[in-house]
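Taking it in order: structure first as structure tokens, then the write-up.
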Amino acid sequence: MTITTIVFDIGNVLVRWDAHQAFLPALKDRAAVDAFLARINFPARNLRADGGETFADLAAEIPDPDDRALFLSYLTGHAASIAEPIEGTWAILERLHARGLAIHAITNWSAETWPIGLATHPRLAQAFGVTVVSGLEGIIKPDPRIFAALCDRAGVTPAECLFIDDSPKNVAGAQAAGMQAHHFTTPEALEAALTARGLL
């Protein structure tokens, strides 16, 4: 089926995400941040936040009070972790839009930090017809229900969609849900793939 709809991931596709930046002011160097992130298993806790759990509840599980407070500081430091737009991808998005393709998004992003993302990058509130935010849904990629939610709200079938994500697991999830998909690495590689498909 002809692709009519492009579905973007956001983190590390349109906006670079580096959690280290939220904690560097307190810990001063990346090695110390690495040790902290490993000690509290930040990736797993952050994914749970993406799925709808609150940072307060997640922090309550951390036994060390200093680590607990530092983890909670992620809310105030989040803007620093997403400060850099990936302009090459934004330029591609604009070209796709100009060609008449529908543009939507599915993002694994906490409900508590999503407003910070919108404030830091106002384009995120304007670029997409439909945006499905995992923290607001209580469902994270690659759960097939999140892809179904996008299709239902956008009024499209999975076969009409090309999904773009930097996570191979999420790409596989989209494909299992019936979408075509591209594993994002760089804007240049994305441009080449879209050109090969006749979409640019």
What pairs come out if I take residues in segment 131-160 that are free of Cβ contacts under 8 Å to residues at least 40 places away in the same chain and pair them with residues that are basic (Lys, Arg) and part of a helix (DSSP H, G or I) whose C-beta lies under 7 Å away, six or more apart or interchain? Pro142/Lys169
Does Ala102 satisfy being closer than 28 Å to Val171 by Cα, in contact (Cβ under 8 Å) with a residue 24 or more places away in the chain, within 14 Å of the chain's Cα centre (by Cα) and surrounded by 16 or more Cβ atoms within 10 Å (Cβ to Cβ)? no
Out of (1) touching a Leu at 6+ places or on another chain (Cβ under 6 Å); (2) over 29 Å from Gly129 (Cα atoms), what's the single condition that is false for Ile6? (2)
Just the residues that are out of contact with any strand residue (DSSP E or B) (no Cβ under 6 Å at 6 or more places or on another chain) and either in a strand (DSSP E or B) or not basic (Lys, Arg) (or both), please, taken from segment 147-158. Phe147, Ala148, Cys151, Asp152, Gly155, Thr157, Pro158
Hits in segment 150-191 - residues which are surrounded by fewer than 17 Cβ atoms within 10 Å (Cβ to Cβ) and over 25 Å from Gly88 (Cα atoms): Asp152, Arg153, Gly155, Thr157, Ala159, Ala176, Gly178
Looking only at segment 2-32, filter to residues that are on the phi < 0 side of the Ramachandran plot and at pLDDT below 95; which one of those is surrounded by the fewest Cβ atoms within 10 Å (Cβ to Cβ)? Thr2
So Ala35 ticks every box in (1) buried (at least 17 other Cβ atoms within 10 Å of the Cβ); (2) part of a helix (DSSP H, G or I); (3) not acidic (Asp, Glu) but one. Which box is left unticked? (1)
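Picking from Glu94, Glu84, which residue would you name as being surrounded by fewer than 17 Cβ atoms within 10 Å (Cβ to Cβ), farther than 16 Å from Phe36 by Cα and more than 14 Å from the chain's Cα centre (by Cα)? Write out each step before concluding.
Values: Glu84 fails: more than 14 Å from the chain's Cα centre (by Cα).
Residue meeting the stated conditions: Glu94.
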Could you list, in sequence order, all residues of segment 1-32 that are within 30 Å of Glu160 (Cα to Cα) and outside any loop (DSSP other than H, G, I, E, B)? Thr5, Ile6, Val7, Phe8, Gly11, Val15
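The values are calculated or read from the model by the stated rules, or taken from the named source; none is laboratory data. Note that the coordinates shown come from a computational prediction; the quantities given were computed from them, not determined experimentally. Methodologically, a virtual Cβ is constructed for each residue, glycine included, from the backbone with ideal geometry; neighbour enumeration extends over all protein chains shown.
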